[in-house]
Structure formats: C-alpha cells, structure tokens
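**Q** What follows is a structure written as structure tokens; I'll ask about it next.
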2 protein chains.
Amino acid sequence: MFRPPPLLLLLLTRCPAPRRLLSASRQGQGQGRAVGSVLKTPKGTRDHPPAQAALRERLLGSVVACFKRHGAAAIDTPVLELRETLMGKYGDNAKLIYELQDQGGELLALRYDLTVPFARYLAMNKITNIKRYHIAKVYRRDNPATTRGRYREFYQCDFDIAGQFDPMLPDAECLKIVHEILSDLQLGDFLIKVNDRRILNGVFAVCGIPESKFITTCSTIDKLDKVPWEEVKNEMVGEKGLSPEAADRIGEYVQLHGSLDLIEQLLQDPKLSQNKLAKEGLGDMKLLFEYLTLFGITGKISFDLSLARGLDYYTGVIFEAVLLQQENDHVEDLVGVGSVAGGGRYDGLVGMFDPKGRKVPCVGVSIGIERIFSILEQRVKAEMLYKKDPTMLKQLQYCENMGIPLAAIIGEQELSDGVVKLRDVATREEVDIPREGLADEIRRRLEP
Amino acid sequence: MFRPPPLLLLLLTRCPAPRRLLSASRQGQGQGRAVGSVLKTPKGTRDHPPAQAALRERLLGSVVACFKRHGAAAIDTPVLELRETLMGKYGDNAKLIYELQDQGGELLALRYDLTVPFARYLAMNKITNIKRYHIAKVYRRDNPATTRGRYREFYQCDFDIAGQFDPMLPDAECLKIVHEILSDLQLGDFLIKVNDRRILNGVFAVCGIPESKFITTCSTIDKLDKVPWEEVKNEMVGEKGLSPEAADRIGEYVQLHGSLDLIEQLLQDPKLSQNKLAKEGLGDMKLLFEYLTLFGITGKISFDLSLARGLDYYTGVIFEAVLLQQENDHVEDLVGVGSVAGGGRYDGLVGMFDPKGRKVPCVGVSIGIERIFSILEQRVKAEMLYKKDPTMLKQLQYCENMGIPLAAIIGEQELSDGVVKLRDVATREEVDIPREGLADEIRRRLEP
C-alpha cells in the first residue's frame, strides 16, 4: 500500500545561491524511471539521493563511533579480488559472484563479502593480531525482484577481532557491540540469539546423524525461525534423508532456548555431556554468559539451539540479532525485517590462504545496515518538492494532494531565529519549533 | 631510494584487550608480497592498512567539510553502470573501462569516473538544479606499472553544480573551493591555472586550424606543462598535420599567461576580438576574475592559454591546480606530483542522456585525492612494529637498524598524563610532549 510521507520540507532559500533540491526518499525510486533503454541503474542497484545519503551517513557514523570505542581501526581493501581468492569459500553461493570479463589479464571478480578479503589480507600480510572494522559495498547476483528489500549492491559493516586471546573475551565483545549499536539506534526491542556450531554438531552426533550431513542439516534447522517444527522435520526426513526418529531427537534439542540455566541443564544431559565437541561448546557458552552478565546485557540475549547460520566457515560461537517489534504504525509493513546483525567465530578461514595453513582465530560481527537503513528511512520520511520555483502555495497544495500531514517551513526569518515553522496541513495551524526539538515534535505528532 | 620513516610509534597497550597493531605505511606494500598464486590483490589495486585508512579518513573529512560549507549534499550511485551509459563519453579512453562478464543479464561495466554517472542521475531523475558532492572509487584498466603513482582502483572527490545561474558564479565557486581545500591541507604553494575551451577554439580558428582538428590540437597543447614548445610544435606539424605557420601562430597565443591585464589585451587583439566564441570566453573570463578578486584569491590564479584538459566534454571554463614546490626534503622525490585538482564546465553531457536532448548546464571540480594522499603519507610517515610481544628494547633496536630517528612512546603513564614520550633514537634523550603539540614537535625536529 502506498503511504504518503509524513513530512514535506519547505526550503525557502536565499538567492542567488543555487537552490539545493533534496530528492524524495521514496524507496526504489532510483531504479524505476527508465527513459529510453539506457536511463537506468543496473538491476538490483540504486542511486542514493541526498536525503538518503545523509541518513546513511548519520547511521554509519553511529556504527563507526561504536567500532572505534571498541578500539578497532579501519582498513580498506579493493572491490576487485582475484577470482581464485573468492572460489571455494561460499559453497553454493559462489554462483552469485559477479565475474569480470577476461580482458587479457588476471581473472577478477567483485567481492561477495568483507570477511574473505579480510582473511586474505591477514594471510598476505602475516598479521596474526588485529581489531579492524570495514564498511564498504559488496556484490551479489541475487534475484532482487524475488527477494524483498534485497539489493545486488549493498553496504556491509563488519567488525572483526583476529588473534589468539583468552577464551570468549573477543566473542563477548562482539555481542556487546551488537547490543550497543542496536540500543543507540533506538530501533525498538531486540533479541540476540546465540549458539555454537560445536554444540549443534554435538547434538547431531548424539542424535545419530552422520557427519557428512551436519552442514545440510544446519541449513534446514536455520529455517526454524520462519516455519514450524513440523515443516522442518518433513524437510529433514523427506529431502535430507534423516530417519524420523533422528529428526525427533534433534527436534527435542533445537527447540530449546534459555540462558545459563539451559546451559547447566545441557551440561548434565546424559548424552550431550559425553560428546567432546558439545561439552567444549557448552563450557565456552557458560563462560560467555558469565562475561555477558558482567556486561549487564543478558536480558536481551538468548541461548537458542535453533540458531544455525548459513555460512560454512563458522567453527564456534554464532549469533544473530532480530528486532522483536516495531515502534509505531508507520513501519508496520516492515515486521518481516528479520535479522539486523549476525556473526560468529571462524578459526579456519585465514588458514585457507596461508601457504603453510597457519590458522589465525577470528571472530566478527556484521551489522545489517541496509535493513536498519530501510527501517530508519521509513520512520521519518520527508520529501521535498522537485520544483525549480516552489511557491509556498504550490507546495502546500502538493501536501494536501498527497496526504502529507506536516510541512516544515524554513525561510529567512526561521533561519535567523534558529527555528522551523511546523504547519499542520489539514488545520493550517503553524507553530515555531526550535530546531533541536523538531524531530521529537514530529515524532510526537505522528504517534497513533 | 629507500627512506626510513621518521617515526616509530611504540604502543605499550594495556592487556588483556587485544593489542592493536597498526601496519607500516610504506607505499605499495599491499601489492607485493604474493605467497602462492592467490595471495595478492588484483594488479593496480591495494589494501589500505589502518594507518593509511586513518590518514585517508582525515583527508576526506577535510574535503567533505569544505564541500558541505559550500552547500553541497552527498549522493551515491552504484559502482556498476550499464555499459551503454558509459559508452561514447570517454573517447579513446573507453578501452580502459572494466567490463563484467555477460552472465545472462544486462551488460555491465565499472564506472570510469563520477561525472558521467552524475549526468545519468540528473537526466534519469529530471533534476535540473543541484549542488552535490560524491566521494567514491572509480576503475580504469590503465597500465599501473608504467604510470607512476597511478592505480586501477582509486578515489575521486567530486563537487558539481548543475543548473542555470547567472554567468560565472558557480564557476567562481568551484575555484574558491579548490583554493580553500589546498590552503586547508597546507600542501605548500600552489597555482590554479584557468582557461576556457571557447577561447582555445577561438585561437585555433583565427590561426586557421580546421574545426575537425580542434580536439586533437587540444590534446597536444595539453603537454605544454611537461615539454618545451618546440616539441609541442613538432607534434602539431609532424603528427597532427598542421602547417608550421599555423603552429607558430598558435604558439604565440598558448604561451601567454597572466591575469586581468592579459584578458584585456586579448579582448583588444585584432584577430581574436573578431571571433565570436573567443569573445564570449574572454568576456566570461573577465567576469570570473572579477568574482575571484572579490573572493581575494587571484594571487594564486593564472589565466593560462596553454591549459587544455584532456576530456572531450568540456564546453567552457577549464582549470587545473598544481603544487609549485615541496615543503621539506622528505618529499623531494615527489616533485613530479603534478595536478592535484581539476575541472571545468560541461554543458552538454546531461543532454546526451535526455531523450529529448534537454541540456542541464554543469560545472564541477575533482580533487586529486590520491596524489594529495601520497604527499601527506610521505610527510609524516610513522611505522609500528608487527610484533605480538613488542618489548621496548626490541622496538628501539628496530629503529636503530632501520635508521628511524624518532620513537613515540605511549604507555600507561603517558596515557594518564595526556602526553607522548618522544625519544631521539640516536641520543636516547626522552621528552614528554603534550599530545596536541606532538605533530608540531615532530615536524620541528625533522626540519633540515
């Protein structure tokens, strides 16, 4: 359903400085309006007009500030990588990698994520110890038409810690970072689900699943947050060839979620406690929860055995943050926004690049900045009129026609007074609001 | 010649937080160390380790601050464009465009600059009026080995004004911006050369050059800043087929440079003053210099008839900033750094994208951020030791071995006192320097 933006900004600028026209922040606008065959951006990509670019800058600024507070330094790597660097790292998803034409040189591809280039960077420079962040675009030949809100070019915001440290301290810091960022951005209530690949593998083992089916079973379990257990079980038995009894045994475990108490319970579990991997994972999970308790953030953390994560390269702790509800009705159509952060431990990836296979333990988190961006963009959606000569009357008529409830008027007088005139389009009532209070006032008026 | 960096940073960090190891800022290090066949970045690209990334962030921050002061808003466009969008815009340079494999969809390419995507964006969104900046990477399949300091992936920092305004006001603002940025960055003395394509074309016309040879003659003249007139003349006559007399007539004009006085002189020139284009260009140049006088920046601006600029799409004012000398001997090998900013007016480019050919007048400037970056990087080059457990002794021995004259020591005590201990490696003398005075003190000590 089309929703009009709640606000029109009326800028009555001072001539002769060129008028700056900020574009509308309507989603997807960059892609649509093709005039002739050439006048479009490539499928699954979009321009970011000034209003969007400014919002993105603020959002990234807040994320970067958190990464820096935690002592990370920025690095940058090329958008292009050798094809060879990317191959064999993404399983089936390799088909989504953009490849460049062989133009008589090296075989190149666009990076698929920031993690594999990071591992390549560590191995190439023999770095065994670094805390870095990297915010940049990645490329996936996904089908953007069928996957709502997904683009083929999008930003990733990654924070990773490489190096050998005392157990679970870097892992705990990653979770603390997710907690800080989601709290700072005031996205509403959220939950960070945590699990460990070793625990999952232990569960599979004690349920009688052959090791060759661990990864494919993981990908089925990963659907538990979207479909009920019965469907997941059917896929396990029908498609993945597990016995119904084994599936039921797995079902008993993966539907469990809780906190320290659940960890203790599983540590006493007669079968699991006999499995070396599971025991290691549970011991570390207990230690992790102790650190999280010290950080005071266990309230939003759930040890959830259904969390599996798609990527092959995780070797230990995995986690994923989801938004639990939306704050007001202007974003009600975004309930399915899903995961807004995720990550985990990948101790084997750097070793894949090292000629001697030397491992560098790594743990990291990726903030789902595109999803957060679309939530924030929806929240206070403002538009400006694309008119060279926008008289007040024309702009207010536009508001009435489009059902835009509020107009912010900024003229010479308002500029010098440091205020914005907020006009209720329906009642025509106007009030001067100090600039610093404008966002709050708009939010208040837009409340249901 | 290898030059040791003048400074080693000794960070005595507090455990157990992971030690942050900043990499050396030696140029080109990212590319070299290939272990096995896969362990490298693509030809002509490089990683930016933390020290470089931080310097780049400060540099870009300063440029962005200037762009914002001048009222520009950021936009972002995809790294990928349809091939069709880029074709026919770059003349011979089209061969340098990176093309993607046809993977069963659209034919795509990596952007070659930010100007053509900007023009595509304006036409697609029917924007006739905007002041925008855009800082992003562009891609050229140049031969990085033969072209010193040039990369295949590099940043551009563009500021452009689109729209119909009173003559020369936006053009003057672009020059003011170059002046502000180069002054702010304290890169040493600089000169901004200004010319106008209409004046050049007028000169060619009155010297008897056929219009079909204007563009090729431009590209020969553009070499005048590197080779003497005799060589340029030889190319004109030998390669481009001009008569020696016509070349000599051109030579008389293009060796002129000056200020308002030269403009007045040319306006009285019996031949040029009869040429419509030249007269228009000279009239506008006069107006431009009047604005630049009001801005108080004519001291660093030269009306230079030898400036031609390579790109085809310029239609009016063109300009280019060059550094005149280097500040101290640590950058003496960078004398050939050349142009650090350039731009001009291109009133026809947007019309190439509009189905009805509607033109949007544009003028813009591109800051040569990569060149400025390499100058700043050389200026205070600091290194850190890649050691997991860097004892003070080991680090100081490293300084002695490498000929690094200064070490900055930051331990618990220095952190709490807000100082840095600066050690003269040779004399072993140590002095506490307040943090805010460190850069100045290092510069003072490094003076010849």
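The values are calculated or read from the model by the stated rules, or taken from the named source; none is laboratory data. Not measured: the values here are computed from a predicted model. A quick note on method: Cβ atoms are made from the backbone with ideal geometry, for glycine too, and the neighbour counts reach across all protein chains shown. Each accessible area value is taken on the protein alone, full model and side chains, heavy atoms only, with ligands, DNA and RNA left out. Shrake-Rupley method; radii C 1.70, N 1.55, O 1.52, S 1.80 Å.
**Q** Go through the stretch A:82-134 and give me each residue that's touching a strand residue (DSSP E or B) at 6+ places or on another chain (Cβ under 8 Å) and either open to solvent by 40 Å² or more (accessible area, probe 1.4 Å) or small (Gly, Ala, Ser) (or both).
**A** The answer is A:101, A:103, A:106, A:107, A:109, A:119, A:123, A:128.
**Q** (1) more than 30 Å from residue B:41 (Cα to Cα); (2) in contact with a Lys or Arg (Cβ under 7 Å, 6 or more places away or on another chain); (3) open to solvent by 20 Å² or more (accessible area, probe 1.4 Å); (4) not in a strand (DSSP E or B): which one isn't true of residue A:432, the others all being true?
**A** (4)
**Q** Tell me, please, whether a residue that is outside any helix (DSSP H, G or I), touching a helix residue (DSSP H, G or I) at 6+ places or on another chain (Cβ under 7 Å) and open to solvent by 40 Å² or more (accessible area, probe 1.4 Å) can be found in the stretch A:358-366. Full working, then the answer.
**A** We begin by selecting, within the stretch A:358-366, every residue outside any helix (DSSP H, G or I); these are A:358-366.
Cutting the leftovers down to touching a helix residue (DSSP H, G or I) at 6+ places or on another chain (Cβ under 7 Å) gives us A:358-360, A:362-365.
Now narrow it down to the ones that are open to solvent by 40 Å² or more (accessible area, probe 1.4 Å): A:358-359.
Looking for residues that are outside any helix (DSSP H, G or I), touching a helix residue (DSSP H, G or I) at 6+ places or on another chain (Cβ under 7 Å) and open to solvent by 40 Å² or more (accessible area, probe 1.4 Å), one finds at least one in the stretch A:358-366, hence yes.
**Q** Just one of A:445, A:423 is part of a strand (DSSP E or B), open to solvent by 30 Å² or more (accessible area, probe 1.4 Å) and of a type in the set (D, E, K, R); which is it? Walk me through it before giving the result.
**A** Working: A:445 fails: part of a strand (DSSP E or B).
Every option except A:423 fails the conditions.
**Q** Now a separate question. From (1) crowded, with 16+ Cβ neighbours inside 10 Å; (2) modelled with pLDDT of 90 or more, pick out the condition that doesn't hold for residue A:21.
**A** Evaluating residue A:21 over (1) crowded, with 16+ Cβ neighbours inside 10 Å; (2) modelled with pLDDT of 90 or more leaves (2) as the failure.
**Q** Return the residues of the stretch B:45-96 that are in a loop (DSSP other than H, G, I, E, B), more than 7 Å from chain A (Cβ to nearest Cβ) and small (Gly, Ala, Ser); say none if nothing qualifies.
**A** Within the stretch B:45-96, B:72, B:88 qualify.
**Q** Can you tell me which condition residue A:106 does not meet? The list is (1) at the interface with chain B (Cβ under 9 Å from one of its Cβ atoms); (2) closer than 16 Å to residue A:365 by Cβ, and all the others hold.
**A** In the conditions (1) at the interface with chain B (Cβ under 9 Å from one of its Cβ atoms); (2) closer than 16 Å to residue A:365 by Cβ, residue A:106 misses (2) alone.
**Q** Moving on. Among the numbered criteria (1) of a type outside the set (Asp, Glu); (2) open to solvent by less than 80 Å² (accessible area, probe 1.4 Å); (3) under 31 Å from the mean Cα position of the chain (by Cα), which single criterion is violated by residue B:272?
**A** Here residue B:272 meets the rest and fails (3).
**Q** Something else: Inside the stretch A:154-262, counting only helices (runs of 4 or more DSSP H) that do not spill past its ends, which hold 3 or more residues that are open to solvent by less than 30 Å² (accessible area, probe 1.4 Å) and out of contact with any Leu (no Cβ under 9 Å at 6 or more places or on another chain)? Reasoning before the result, please.
**A** Details: elements: A:169-184, A:197-206, A:214-221, A:229-234, A:244-254.
Ranges flagged: A:169-184, A:244-254.
**Q** Further question on the same structure: Does the stretch A:120-139 contain at least one residue that is within 9 Å of another protein chain (Cβ to nearest Cβ), part of a loop (DSSP other than H, G, I, E, B) and either closer than 19 Å to residue B:109 by Cβ or of a type in the set (Gly, Ala, Ser) (or both)?
**A** no
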